[in-house]
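Just so it is clear, none of the values below were taken in a lab; they were calculated from the coordinates. None of these values were measured; they are calculated from a predicted model. FYI the Cβ positions are ideal-geometry reconstructions off the backbone, even for glycines, and counts take in every protein chain you see.
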Amino acid sequence: MPRKRGWRALWLMTLGLACGIGLGLWIGWNLAPVEYVDTDISYLHPLYQDDVLLMIGETYALDSDLDAARARIALLSLADPANAVADLAERFALQGAPLAHVRALAHMAAAMGVRRDALRRYLSVTDDTP
């Protein structure tokens, strides 16, 4: 008899756990889901801010609209946006990132007034190797 009682308790605990997890998921997804309101892009983790800078740099490489690029970068609330772009370009160059990414960032940094020797080779448009 005690053995049957142990299985019953285990079955009830498993059922209770499954019901609790199911109820919790239902409440979290349907009844009271998280809603982000007025979330500022400047709160992004620095790695994701680098991704945003890269996307802005690639957009600048396509349209050459520096004012739009500056406006997009301003949303990140960086202390020194031009040097942040140049730093990212240098970091990508050292990490062996795709040449197109480094060039896009180097061109945008140069357009923003930051010219560094380490990025000078990426500013040429004629050759395909750094």
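Observations, loosely collected:
- Residues Val114, Val34 arranged by fewest to most Cβ contacts within 10 Å: Val34, Val114
- Each stretch of four or more DSSP H residues adds -39500 (n - 2.57); spread over every residue of the chain, this sum gives -21000 deg cm²/dmol at 222 nm.
- Ordered by the count of other Cβ atoms within 10 Å of each Cβ, fewest first, His45, His101 give His45, His101.
- Two numbers describe the Cα atoms of segment 41-123: Rg and Dmax, which are 11.4, 33 Å.
- Here the label points at Arg120 and Asp67, each 7 Å from Cα along the C-beta direction, are separated by 3.3 nm in the simple model.
- Helix 46-63 vs. the chain, principal-axis angle (Cα, 0 to 90°, nearest 10): 50 degrees
- Selection among Ala32, Pro46, Pro81 by position relative to the dipole of the chain gives Ala32 as farthest towards the positive end (Cβ unit charges, Cα centre).
- Counting other Cβ atoms within 10 Å as a rough exposure proxy, the listed residues Glu58, Glu35 run Glu35, Glu58 from fewest neighbours to most.
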